[in-house]
Amino acid sequence: MRPIQLPEPPSPKLGTPEIFEGGVYGVVRRAVVIGNGFPGSENQSIGLVRALGLADKHVLYRVTRPKGGINEWLHWLPVSLHKKLDYIIRRICVLLIYRGQKTLPSPTENGGSAGLKCVLEADVQQIVTMARQTFEKDGPILVVASGRDTISVASSIKRLASDNVFVVQIQHPRLHLNRFDLVITPKHDYYPLTPEAQKQVPQFIHRWLTPREAPDRHVVLTTGALHQIDATALRNAASAWRDEFATLPKPILVVNIGGPTGNCRYGADLAKQLTTNLHSVLASCGSIRICFSNRTPEKVSNVMTKELGDNPKVYIWDGQEPNPHMGHLAWADAFVVTADSVSMISEVCSTGKPAYIMGAERCTWKLSEFHKSLKERGVVRPFTGSENISESWSYPPLNDTAEAASRVHKALAERGWRLRP
């Protein structure tokens, strides 16, 4: 019998000072997250930061818009212009209301909303100053932003402190990709460049479609959205929710319901069809757990609650804390998800468990392309009501967040920087 030769253990480092390995100047120890107040966007940024090992070394800043009244109609404007316009409108209102008085209350630049006082505002100059002044002591900052409203802030930080930061923009910024060190975006964001998409719009509109160019080397393409779900998170959730889920009859079917969007329209009609399909698979389920999102229309939730609320096998979450979402991801045997939410579907498909989609045929434009790519990979199946939930199937889980994190490591190395282990 030939002896087994074990690999040599790695040679221990001889205490080489960090300064000779690039020093503090090349080690990324901290991150700044630029959010927009929407959980779907901020979850992607925090998920990437977490995958890079900086979960407890990041600060969240938020780009906020004025809210209430006419502001709900002004979200199409750039954030800076929206704030200035809101300030002018408020100033005019104050002048009209307090006309003739010697002293006037002054509206705040951020819109004067009391709720905004508790938010750490994404101030470009403040972040740039911090990056410059702390660079020698603490090294460079990883800046991660996601969402349309964060684009101008992230690109300005890159422009003003390029030697001190590495800026990652999640979701396609549409134009000027060279204003970021790395762009992470789903493949379906490039759907407008395909011949199929070009046929769907008049020729004179083609010049206005974005993106206009194919992805270059500093664009990272993902299948779905980034998130915070990985094996460790699922193990922790399984332990935390054991008391509630371990004794439930199996298999457990979790139903996640979002809400209609511009590219996926539906209403009570889809809710009725979903209810019918759930009744059809009820016999093969031990338990059904239904969750609505904050985007779910009342007419949809009312149909579901009326038809299924009294069934002993069915539990409908009432929206009160604690949110069982992580417990559902960890303990579910299968999922049904409405087709509108890339984020919900991406999280479910990171588990490797059966994922059924309701309403994909209603999706248009790039959202339709997203569902097409998942179906081609064998990751999802349509929910028809003929399924036997007790019969399981699997697929290679989506691993977009870890793959994107790997690309960040590589891009930092090309710059001569690295994340501290």
Scope segment 336-349; condition open to solvent by 20 Å² or more (accessible area, probe 1.4 Å) and either closer than 12 Å to SER394 by Cα or among the acidic types (Asp, Glu) (or both); matching residues = GLU347
If we take segment 336-421, then helices (runs of 4 or more DSSP H) inside it with 2 or more residues that are more than 29 Å from ASP138 (Cα to Cα) and touching a residue at least 12 places away in the same chain (Cβ under 8 Å) are 342-348, 365-376
Those residues of segment 120-172 which are open to solvent by 40 Å² or more (accessible area, probe 1.4 Å) and among the hydrophobic types (A, V, I, L, M, F, W, C), in sequence order = LEU120, MET130, LEU160
Please verify whether segment 246-253 includes one or more residues that are part of a loop (DSSP other than H, G, I, E, B), aliphatic (A, V, I, L, M) and surrounded by fewer than 13 Cβ atoms within 10 Å (Cβ to Cβ).
-> yes
Among the residues of segment 229-245, how many are touching a residue at least 24 places away in the same chain (Cβ under 8 Å), open to solvent by 30 Å² or more (accessible area, probe 1.4 Å) and farther than 24 Å from ALA402 by Cα?
-> 2
Please tell me if SER392 is farther than 20 Å from THR223 by Cα and among the hydroxyl-bearing types (Ser, Thr, Tyr).
-> yes
Can you tell me which residues in segment 270-301 are touching a helix residue (DSSP H, G or I) at 6+ places or on another chain (Cβ under 9 Å), surrounded by fewer than 13 Cβ atoms within 10 Å (Cβ to Cβ) and in a helix (DSSP H, G or I)?
-> THR276, LYS299
Positions within segment 312-338 being closer than 23 Å to SER284 by Cα and of a type outside the set (A, V, I, L, M, F, W, C), in sequence order = PRO312, LYS313, TYR315, PRO324, HIS325, GLY327, HIS328, ASP333, THR338
ILE389 vs. criteria surrounded by fewer than 21 Cβ atoms within 10 Å (Cβ to Cβ), more than 19 Å from the chain's Cα centre (by Cα) and not small (Gly, Ala, Ser) = no
If you go through LEU175, LEU226, the only one that is part of a loop (DSSP other than H, G, I, E, B), more than 30 Å from GLU136 (Cα to Cα) and open to solvent by 10 Å² or more (accessible area, probe 1.4 Å) is LEU175
Is there a residue in segment 395-404 that is crowded, with 19+ Cβ neighbours inside 10 Å, farther than 22 Å from ARG265 by Cβ, at pLDDT 95 or above and of a type in the set (S, T, N, Q)?
-> yes
Residue satisfying all of: in segment 144-165; outside any helix (DSSP H, G or I) and in contact with a Pro (Cβ under 7 Å, 6 or more places away or on another chain); nearest to VAL183 (Cα to Cα) among these | VAL165
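The values are calculated or read from the model by the stated rules, or taken from the named source; none is laboratory data. Note that this is a predicted model, so its numbers are computed, not measured. No Cβ is skipped: glycine too gets one built from the backbone with ideal geometry, and neighbour counts run over all protein chains shown. We work out accessible area using only protein heavy atoms, side chains counted, and drop any ligands, DNA or RNA first. Shrake-Rupley method; radii C 1.70, N 1.55, O 1.52, S 1.80 Å.
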